[in-house]
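FYI, it's all coordinate maths here, none of it is from the lab. Every value quoted in this text rests on a predicted model; they were computed, and no experiment measured them. Cβ placement follows ideal geometry from the backbone for every residue including glycine, while neighbour counts extend to all protein chains displayed.
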Amino acid sequence: MRVEVHVFFPFRSEIGGGPIPLDLPPGADVARSVTALVERYPQLRGRIFDPKGRIQRHVSALVNGTSIQFKQGFATPLAEGDVVTLLPPVGGG
């Protein structure tokens with residue numbers, strides 16, 4: 001299945017500015033899309049994954065405009081044509 005990933009991190013310039021199409025196996029989840037993105041752009045590995053290979057806590061995502069925290073987190077299943085948006089860390093108080 002094909003999904004589209006939008007990246008809004010400070011290192012967006014390192015991978016280009018447009019949406020990134022990814023071909024994923026049926027039943028893939030958001031975590032798999034992140035892994036596929038890093039496989040394509042290995043320079044992102046240290047910024048997205050911790051040393052143990054887990055997605056870092058500061059990485060957040062939307063699927064079709066809805067935060068994955070309101071779904072199943074990075075285990076949220078994806079469907080053909082979904083749009084995954086990776087967001088930069090947000091601070092404030």
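Once divided by 2.2 N^0.38 Å, the Cα radius of gyration of the stretch 2-87 becomes 0.99.
Contact order, relative form, for the stretch 24-78: 47 percent (alpha carbon pairs under 8 Å, 6 or more residues apart, mean separation divided by residue count). Label zone (residue 80, point 7 Å along Cα-to-C-beta; backbone nitrogen cut-off 19 Å) within the stretch 19-34: 21-30, 33. As a rough guide to protection, the peptides 73-85, 44-56 ranked by mean Cβ packing within 10 Å, highest first, stand as 73-85, 44-56.
Taken along the Cα-to-beta-carbon direction at a fixed 7 Å, the label points for residue 2 and residue 57 span 3.8 nm.
Its relative contact order, with pairs defined as Cα atoms under 8 Å and 6+ residues apart, puts the chain at 41 percent. Amide H contacts of residue 76: 30, 31, each under 5 Å away and 5 or more positions distant or on a separate chain (H built 1.01 Å from N in the peptide plane; Pro and chain starts excluded).
If neighbour count is taken as other Cβ atoms inside 10 Å, put 66, 35 in order from fewest to most. Walk me through the numbers on the way to the answer.
Details: 66 12, 35 20.
Exposure proxy ranking, most exposed first: 66, 35.
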